[in-house]
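Have a look at the structure below, then the notes.
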């Protein structure tokens, strides 16, 4: 058994059985080991940003890490943007990054790089294996790090000779530690705030936005009259009819302050105190109104279900009927030109039950996420780190994690171009993903930001940097070139037809919505 094989067997011992890969020469012994050891599903991405983004989407839905396989420093560098997004989402993954053989590094071959230096800014744990006999134990430590609550990025660097050298037995992977319980004093402080008589809100993040935790929050809201709010970006939120009424923090600073203007007690459960996405001249960075007290009940790595259960019990809310969204699905679908309001009504009516929504629609997505709260129950995943090019890749990973559920990717045309190669992987793996490209032929979000930061109206040069025309991008041709069936819509009537066609298709389907 060589080091690579001992590592693969160790990964399986930790229930890491999906590998998103874009390998090179240094990783060939690991690739060969994947042939000799049964049990790992290998998924090829044509660009490393697809690989790391897919691992992010996989973790969010599977609740366990996948591994990536990347080629040396440049390969890792190509995947960093989506590692940034994954780290912000607390998505656990194990990156296996090939390295030159230990004795070859000193010769400064063309691909030699400081791989640990590249990895550290986007990783929670980094290690280079020094010997083939250490690889299995190092791999076990990497898996344990990835599982550490609430999820971590672990990067293991594998020199080629440690992969091909002789090894012994695979290592045992220790079970993840239980999430830490929130101390009673934090629960008592939260209860005092909720019964103080002052307007209160609970800002939810992480695992507080799904399952029993979210149900407890809905009962607390019904008992106390507090407002439930989610962070603007969320790794995974259970939404729709019959689920908790949760308002999403807006993107714009002024809108956040308007939402919170009357709140005097703001409880944080798995969330951070709200801050502005960017700095804007003359506007605050911290978006907590004057006179509002912030109470940190539980951080994102804590046992959030237990924290909300304890709050509910202390308030006598356990048996309260939860405050939930009513079903609002008017089947009289909107027609005509695709306005943002019309899109909200259409998707609210047509999102299928148990769907997984991947949201990187950016400008368009801001307008209809709130409009779909009355849709059939579904999960909604946001881009967490703001580094665009996440959505198509994350949809790929999510579809592999939950093959029995329809995955819908809402994508801006500008961001989709960063990882369009994910379409090929969707086709190759026959993944059940319906992609909607909002083709406004511009970096529309930046046109708004130009004004928000107080810059001048766009002239010739600024417009040229913010538009995606001359020539217009043909998404239907791109999709078909990657092997994905596709159609185009320019009206809400055509979009409804195309969306239904995508939902009825068992494999991937792309819709270009020209706006």
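The values are calculated or read from the model by the stated rules, or taken from the named source; none is laboratory data. Since the model is a prediction, treat every value here as computed from it, not as a measurement. Every residue, glycine as well, gets a Cβ built from its backbone with ideal geometry; the counts of neighbours run over all protein chains shown.
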task: Would you check which residues across region 399-433 are under 17 Å from residue 88 (Cβ atoms) and in contact with a strand residue (DSSP E or B) (Cβ under 6 Å, 6 or more places away or on another chain) and list them?
output: 415
task: Filter region 350-363 for residues that are over 15 Å from the mean Cα position of the chain (by Cα) and modelled with pLDDT of 95 or more and give the result.
output: 350, 351, 352, 353, 354, 355
query: Within the bounds of region 373-390, is there any residue that is touching a strand residue (DSSP E or B) at 6+ places or on another chain (Cβ under 8 Å), modelled with pLDDT under 95 and assigned to a helix (DSSP H, G or I)?
result: no
- request: Pairs only if they're at least six apart or on different chains, beta carbon under 9 angstrom, first in region 314-343 and at positive phi, second outside any loop (DSSP other than H, G, I, E, B); list them, first residue then second.
  value: 316/223; 336/342; 336/492; 336/493
- line: Among the residues of region 475-496, the number that are without any contact (Cβ under 8 Å) to a residue 12 or more places away in the chain and either over 19 Å from residue 364 (Cβ atoms) or buried (at least 20 other Cβ atoms within 10 Å of the Cβ) (or both) is 3
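For (1) closer than 30 Å to residue 128 by Cα; (2) crowded, with 19+ Cβ neighbours inside 10 Å; (3) in contact with a helix residue (DSSP H, G or I) (Cβ under 9 Å, 6 or more places away or on another chain), each residue gets a yes or a no:
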| site | (1), (2), (3) |
| --- | --- |
| 172 | yes, no, yes |
| 177 | yes, no, yes |
| 181 | no, no, yes |
| 202 | no, yes, yes |
| 213 | no, yes, yes |
| 220 | no, yes, yes |
message: Return the residues of region 463-473 that are touching a residue at least 24 places away in the same chain (Cβ under 8 Å) and surrounded by fewer than 16 Cβ atoms within 10 Å (Cβ to Cβ); say none if nothing qualifies.
response: 469, 472
query: surrounded by 19 or more Cβ atoms within 10 Å (Cβ to Cβ), assigned by TED's automatic domain parsing to the domain that holds residue 203 and either out of contact with any strand residue (DSSP E or B) (no Cβ under 8 Å at 6 or more places or on another chain) or closer than 30 Å to residue 493 by Cα (or both): does that describe residue 300?
result: yes
message: residue 364 - would you say it is over 19 Å from residue 498 (Cβ atoms) and outside any strand (DSSP E or B)?
response: no
- prompt: Taking region 250-284 as the search range and keeping residues that are surrounded by 20 or more Cβ atoms within 10 Å (Cβ to Cβ) and part of a loop (DSSP other than H, G, I, E, B), which one is farthest from the chain's Cα centre (by Cα)?
  reply: 263
message: Against the definition (assigned to a loop (DSSP other than H, G, I, E, B), within 30 Å of residue 151 (Cβ to Cβ) and modelled with pLDDT of 95 or more), how does residue 307 come out, yes or no?
response: no
field: Condition check for residue 83: surrounded by 24 or more Cβ atoms within 10 Å (Cβ to Cβ) and either free of Cβ contacts under 8 Å to residues at least 12 places away in the same chain or more than 25 Å from residue 32 (Cβ to Cβ) (or both)
entry: yes
